[in-house]
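Below is one structure, written out as structure tokens; comments come after it.
Read-outs: derived from the displayed coordinates by stated rules, not from any lab. Being a predicted model, the structure only gives us computed values, none of them experimental. Every residue, glycine among them, receives a Cβ derived from its backbone with ideal geometry; neighbour counts consider all protein chains shown.
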Amino acid sequence: MPHINTDDGVRLYYEETGSGSPIIFVHEFADDYRSFEPQIRYFARRYRCIAYNARGYPPSEVPEDPARYSQERACEDIRAVLDGLAIAKAHVVGISMGGFATLHFGLAYPSRTVSLVVAGCGYGAEPGKRQQFHDETATTAALIESTGMKVAAETYSRGPTRVQFQNKDPRGWAEFAQHLAEHSTPGSAKTMRGVQARRPSLWDLTDRMRNLEVPTLIMTGDEDDPCLEPGLLMKRTIPTAALVVFPNTGHALNLEEPDLFNRSCTEFFHQVESGRWPRRDPRSQTGSILGVR
């Protein structure tokens, strides 16, 4: 099995296929590298596609020390994948937990990124929802530890932003739920406490986001309520960002609407690679409604 060693000695499992400009896929908390199969099958015809499992997700290593799970570490692990595969820069595509890591990677290493796709990003980021998010992450981590991942997955996979997927594509949702049930119990609990619960709010990153010049595509489902306001925040703050909202769609939008997701990324990549991706015209941000003062 191919693995990459991180700076702190954790082995990360990865798979790659295709050739061309590289795309790094960064998965969400409730899934793993397999969640990007609809994207890899599509993009590997023209791109070099790499998907890896985060630390805590076998066959990647599951460190015992809780201190080795953090938002900063998730960001650095993307860099470790690029370094381990001798990739100078890449398109980076992240969903949810992976979307947060992708954004942080773009902020920390803009010279290593061709573009950023930040999808389903924002859970717990709103200032008024921080305490609720901390309470729910603590409850979820305790549930995982007390019942095991197989049992906890039965609740998590049926959350309010997952039922859309279940209703549209029961077969696809069942596969997603099975992947979730197979995850490491200690790895998932430590990830929930170390990466999810402790990450900074997007509202605390606005100064850094205003200086982000990497082409960025924000994606969210219109029924993924925790990500709607954060999506608007990123669109309004990052000068090179565009926002795509998928209709009647929940959180796992790359699985729920794979064709729309792939087409949106394709158009984005083409514009970036042709040098046609725009920076927002400041005349559109005067605060005026009609432009008449």
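Data overview
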item	result
Helical mean residue ellipticity (222 nm; -39500 (n - 2.57) per DSSP H run of 4+; nearest 500) of the chain	-12500 deg cm²/dmol
DSSP-loop trypsin sites (Lys or Arg not before Pro) across segment 30-103, with at most 14 other Cβ within 10 angstrom	R45, R46
Ranked list, fewest to most other Cβ atoms within 10 Å of each Cβ, for D207, D83	D207, D83
Karplus-derived 3J(HN,Hα), 6.51/-1.76/1.60, for each residue of segment 98-111, Hz, glycine and proline x	x, x, 4, 4, 5, 4, 4, 5, x, 5, 7, 9, x, 6
Potential extension, R46-N5 segment - 0.36 nm per residue separation minus Cα distance	12.0 nm
Lys, Arg +1 and Asp, Glu -1 on Cβ, resulting dipole of segment 1-42 about Cα centre, debye, nearest 20	160
Along the chain, longest interval not containing exposed GluC sites (Glu not before Pro), exposed being DSSP loop plus at most 14 other Cβ atoms within 10 Å	65-181
Those trypsin sites (Lys or Arg not before Pro) in segment 147-245 that DSSP places in a loop and that have at most 15 other beta carbons within 10 Å	R158, R198
Net charge contributed by nearby residues that have their C-beta within less than 15 Å of R263 (K/R +1, D/E -1)	-1
FRET E, pair D225, A108, Förster distance 35 Å, beta-carbon r, rounded to 0.05	0.75
Between segment 11-31 and segment 113-129, the alpha-carbon center distance in angstrom	19
Neighbour net charge for P22 - beta-carbon separation under 12 angstrom, K R +1, D E -1	+3
Dipole of the chain, positive end: most advanced residue of T140, L180, V195 [Cβ charges, Cα centre]	V195
Packing-based exposure ordering (other Cβ within 10 Å, fewest first) of H134, H270	H270, H134
5 angstrom amide H check on E28, placed H, neighbours 5+ away	I95, G98
Rel. contact order, % - alpha carbon contacts under 8 angstrom, at least six apart, segment 54-204	32
Neighbour-count ranking [beta-carbon atoms within 10 angstrom, fewest first] of I24, I40, I87, I95	I87, I40, I24, I95
Relative contact order (percent, whole number), the chain, Cα cutoff 8 Å, 6+ residue spacing	19
Modelled FRET efficiency - R0 45 Å, K150 with R236, Cβ distances, 0.05 increments	0.65
